[in-house]
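Written out below as structure tokens is the structure these notes cover.
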Amino acid sequence: MISPTMEQGESLRIRVVMGKDRISELPDGLLLKILSSLPTNIVVATSVLSKQWRSLWKLVPNLEFDSDDYESEHYTFSEIVCKSFLSHKAPVLESFRLKFVNFNPVDIGLWVGIAFSRHLRELVLDFYPAELGKGVTFTFPSSLCTCNTLETLKLVLCILVDIPSPVLMKSLRTLHLEFVRYKDESSVRNLLSGCPGLEELRLYRGDDSDIKVFTIEVPSLQRLTIHDNNDGPEFWGYVINAPFLKYLLIEELRCPEFCLNAPELVEANIAEVTSITIEKFLGSFTSVSRLLLNLSPLKITYPTGSMFYQLVSLEMYTREAEWWNLLTLMLENSPKLQVLKLTDVRHFIISQLAIFYGLGNAIH
């Protein structure tokens, strides 16, 4: 077992001495829920409270390590994590979160492997090197895509996704890829095709010169978030085939092309699209019932002949030039519209129309 820092131990002792330790009277199941919301170094520190607490922390189903929080004259960060795993006894590991500045690939592979053996359900890897932009990455290989119990995977910052062949994560439901890099387009396809039950995908991308076309072909996908400020000349755009997609959020998009097949789409929030000039972009959202638009009519051409037959609620930001022209076209081609909300440049509401019956008829 790892000894807690002196400050943490003294603080916990003072709390017990100052008054009756009523928290220890709670059922172990409730105590484990409380401890599950704390970082592992704090959880381990509770072992000084009593004999009961000494072993209780070992059953907490979450492990969370941040290398910035561990400074010891006697142990390295790697030794601390290893000792924690050796002491930990929870049969099912709900979550393993690791944020690290420096790394040994063998260590990380070992820790993830141990976590997988505990029927891991959520894995979060966050690599934040001391010097960003120096090309230092941790490679997330296909050998780490072998956990049949994993439901959530989050990869953050300087992680290289290298998946040369198809993988299988049959239980994965949520995937977050936040400013990671990809070895090639095949790595993207192999990763996504290996998640047959994926329901939520969040993509946050910066400059990634190795990807020309980002292909998302996931039949099970229901929620998709894209934030992409990549405007390099080699990046063509997105091809998305998600027949059961219900919700789409685009926070930023600078690529010239965007191809979407999502006939079941219900809600779309589209903002900061700066490069696409094709008519078919807006035409991809004619099935939605709720739509938010924060884009420039000078950049996005209205799709000729398109009707938003299902659109019930429309919100538009009015800070872009000629927004009124786009609004007029939307109103003329949305016969079922019931709610219209306009927001000005300072992001507060300047007008809200909420006529729940007959708005479409009144317009036409």
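The values are calculated or read from the model by the stated rules, or taken from the named source; none is laboratory data. Here the structure is a predicted model, which means the values were calculated and not measured. Note that we place each Cβ from the backbone using ideal geometry, even for glycine, and neighbour counts take in every protein chain shown.
Those residues that are of a type in the set (S, T, N, Q) and assigned to a helix (DSSP H, G or I), I need them from the range 78-110; list them, please.
Within the range 78-110, the subset of a type in the set (S, T, N, Q) is 78, 84, 87, 95, 102, 104.
Once the filter is applied, which keeps residues that are of a type in the set (S, T, N, Q) and assigned to a helix (DSSP H, G or I), the range 78-110 yields Ser78, Ser84, Ser87.
Scan the range 113-132 residue by residue and report those that are crowded, with 19+ Cβ neighbours inside 10 Å and either in a helix (DSSP H, G or I) or of a type in the set (Val, Ile, Thr) (or both).
Ala115
Given the condition farther than 23 Å from Trp236 by Cα, without any contact (Cβ under 8 Å) to a residue 60 or more places away in the chain and surrounded by fewer than 19 Cβ atoms within 10 Å (Cβ to Cβ), answer yes or no: does some residue in the range 204-218 qualify? It would help to see each step written out before you state the result.
As a first pass, look at the range 204-218 and keep what is farther than 23 Å from Trp236 by Cα: none.
No - not one qualifying residue is present in the range 204-218.
Keeping to the range 133-187, report how many residues are under 16 Å from Ile108 (Cα atoms) and of a type in the set (Ser, Thr, Tyr).
Qualifying residue count for the region: 5.
(1) over 25 Å from the mean Cα position of the chain (by Cα); (2) in a loop (DSSP other than H, G, I, E, B); (3) without any contact (Cβ under 8 Å) to a residue 24 or more places away in the chain: which one isn't true of Leu337, the others all being true?
Going through the list (1) over 25 Å from the mean Cα position of the chain (by Cα); (2) in a loop (DSSP other than H, G, I, E, B); (3) without any contact (Cβ under 8 Å) to a residue 24 or more places away in the chain, Leu337 breaks only (3).
What number of residues within the range 184-203 satisfy the criterion of being free of Cβ contacts under 8 Å to residues at least 40 places away in the same chain, more than 20 Å from Ala271 (Cβ to Cβ) and not polar (S, T, N, Q)?
Final tally of qualifying residues: 10.
Restricting attention to the range 311-325, which residues are part of a loop (DSSP other than H, G, I, E, B) and surrounded by 17 or more Cβ atoms within 10 Å (Cβ to Cβ)? Even if it seems obvious, please write down each step before you answer.
Here is the first cut: in the range 311-325, the ones part of a loop (DSSP other than H, G, I, E, B) are 311-312, 318-322.
The answer is Leu311, Val312, Glu320.
Ser142 passes all but one of (1) farther than 20 Å from Val44 by Cβ; (2) touching a helix residue (DSSP H, G or I) at 6+ places or on another chain (Cβ under 7 Å); which number fails?
Unmet condition: (2).
Is there a residue being of a type in the set (Val, Ile, Thr), at pLDDT 90 or above and surrounded by fewer than 17 Cβ atoms within 10 Å (Cβ to Cβ) anywhere in the range 341-362?
Residues of the range 341-362 of a type in the set (Val, Ile, Thr): 343, 345, 349-350, 355.
Of the ones still in play, those that are also at pLDDT 90 or above are none.
Scanning the range 341-362, I find no residue that is of a type in the set (Val, Ile, Thr), at pLDDT 90 or above and surrounded by fewer than 17 Cβ atoms within 10 Å (Cβ to Cβ), so the answer is no.
Could you grab me the full set of residues in the range 301-322 that are over 16 Å from Phe281 (Cβ atoms), at pLDDT below 85 and over 31 Å from the mean Cα position of the chain (by Cα)?
Ala321, Glu322
If Asn230 satisfies every condition in (1) at pLDDT 95 or above; (2) under 24 Å from Arg181 (Cα atoms); (3) buried (at least 18 other Cβ atoms within 10 Å of the Cβ) but one, which is the exception?
(1)
Filter the range 87-112 for residues that are closer than 14 Å to Asn148 by Cα, surrounded by fewer than 18 Cβ atoms within 10 Å (Cβ to Cβ) and touching a strand residue (DSSP E or B) at 6+ places or on another chain (Cβ under 9 Å) and give the result.
Start the filter on the range 87-112 by keeping residues that are closer than 14 Å to Asn148 by Cα, which leaves 92-94, 112.
Narrowing further to those that are surrounded by fewer than 18 Cβ atoms within 10 Å (Cβ to Cβ): 92, 94.
Correct list: Glu94 only.
Do we have Glu264 as over 19 Å from the mean Cα position of the chain (by Cα) and without any contact (Cβ under 8 Å) to a residue 40 or more places away in the chain here?
Numbers: over 19 Å from the mean Cα position of the chain (by Cα): yes; without any contact (Cβ under 8 Å) to a residue 40 or more places away in the chain: yes.
Yes: the conditions hold for Glu264.
Just the residues that are of a type in the set (Lys, Arg) and either surrounded by fewer than 17 Cβ atoms within 10 Å (Cβ to Cβ) or not in a loop (DSSP other than H, G, I, E, B) (or both), please, taken from the range 159-182.
Restricting attention to the range 159-182, the residues satisfying the condition of being of a type in the set (Lys, Arg) are 170, 173, 181.
Once the filter is applied, which keeps residues that are of a type in the set (Lys, Arg) and either surrounded by fewer than 17 Cβ atoms within 10 Å (Cβ to Cβ) or not in a loop (DSSP other than H, G, I, E, B) (or both), the range 159-182 yields Lys170, Arg181.
Please specify each residue of the range 233-285 satisfying the condition of being of a type in the set (D, E, K, R), farther than 24 Å from Gly206 by Cα and at pLDDT below 95. Step through it out loud before you land on a result.
Quick first cut of the range 233-285, residues of a type in the set (D, E, K, R) only: 234, 246, 251-252, 254, 257, 264, 267, 272, 279-280.
Now narrow it down to the ones that are farther than 24 Å from Gly206 by Cα: 246, 264, 267, 279-280.
Across the range 233-285, the qualifying residues are Glu279, Lys280.
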